[in-house]
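Bear in mind that the values in this text are calculations on the coordinates, not laboratory data. Nothing here was measured: the structure is a model prediction, and the numbers come from that model. Please note: Cβ atoms are built from the backbone with ideal geometry, for glycine as well, and neighbour counts cover all protein chains shown.
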Amino acid sequence: MNVIGIVGWKNCGKTTLASALIRELSSRGLVVNSIKHAHHAVDVDQPGTDSYKHREAGAQEVLLAGGQRFAIMHELRGAAEPTLKELLARLGPCDWVVVEGFKTDPHAKIEVHRQTCEKAPRHHDDPSIIAVATDYPTDFDGPAFDVNDVPAIADFVLGLEEASMGEV
């Protein structure tokens, strides 16, 4: 399974780039999955729904299925947050997984950093950042891309597959 991470500070463009990269890779005929890490409490279910009532009743996993999609909600019930490796193992077969977040994990990552970001770039302290996507000249010692040049970023990512650098 090929994995590429998208990291950066809050409001610096991670989701915008991750979504654009997923769209670009998918448009090239590849099957792409994604994992999004959130630092806050996440609940995709709504109070009052049947599936919510099932979780509240004590179900550890609830699979909600419909004609267009299904979702599995898994309650940790005090267990440790799953690792990226554990989450990757739960995904279906695909060509690439785009991971947004999990910035401390050692997988290959592209950092998004814009001039408007208030914090310093992460690549100075993170050797797993293998490229940067930015809107200004950078001091990064590796591949740097215009944050809006998604086809070039996708070409770079697909080159990782050939080098087996993007596998987890």
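What the table below lists for this structure:
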| item | result |
| --- | --- |
| Segment Thr138-Ser26, length gained on full extension (0.36 nm per residue, minus Cα span) | 37.4 nm |
| Per-pair calculated FRET efficiency, R0 = 25 Å: Ala80 and Asp125 via Cβ, rounded to 0.05 | 0.50 |
| Relative packing of peptides 76-84, 108-116 - highest average C-beta neighbours within 10 Å first | 108-116, 76-84 |
| Segment Thr116-Gln68, extension gain: residue separation times 0.36 nm, minus the distance between their alpha carbons | 13.4 nm |
| Computed over region 8-76, Cα set: Rg, Dmax in Å | 15.8, 44 |
| Antiparallel DSSP beta bridges within region 10-168, percent to nearest 5 | 30 percent |
| Highest average packing first - 88-98, 61-71, Cβ atoms within 10 Å | 88-98, 61-71 |
| Isotropically averaged projected area of region 1-119, using the convex hull of Cα atoms (one quarter of hull area), nm² | 9.4 nm² |
| Simple Cβ-charge dipole of the chain, Lys/Arg +1 and Asp/Glu -1, about Cα centre, in debye nearest 20 | 460 debye |
